[in-house]
Amino acid sequence: MVPYQKILVAQTLFLGDLILSIPLRQHLRHAYPEAQIDVLVVKGLEGLFVSHRAVSSVLVHDKLGREKGWR
């Protein structure tokens, strides 16, 4: 098995998807206990994972606000 050092789980918009992916993050933490596991979420949902044990850090994308569109 490859010893991954960094893992990004990108869940950027829907609350239901974030909740349903909790077992995935827990499995990743169990499989790769030393890896940095980051979660990318839309602005406003970051509070759900700030203190989650399986998450190293939460990255916020303001998809519907300042970072909207290609510019």
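Please treat every number below as a calculation from the coordinates, not as lab data. Given the structure is predicted, the values throughout are model-derived calculations rather than measurements. We place every Cβ from the backbone using ideal geometry, glycine too, and count neighbours over all the protein chains shown.
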To the nearest 0.05, the calculated FRET efficiency linking S51 and H27 through their beta-carbon distance, R0 being 22 Å, is 0.70
In terms of the alpha carbon gyration tensor, root eigenvalues a ≥ b ≥ c, rounded if a/c is under 1.5 and otherwise prolate when a/b exceeds b/c or oblate, the range 3-53 is prolate
Spelling it out for L59: with amide H atoms placed in the peptide plane at 1.01 Å from N, the residues 5 or more places away or on another chain with amide H under 5 Å from its amide H are V39, L40, V41
Ordering 30-40, 13-23 by per-residue average of other C-beta atoms within 10 angstrom, highest first, gives 30-40, 13-23
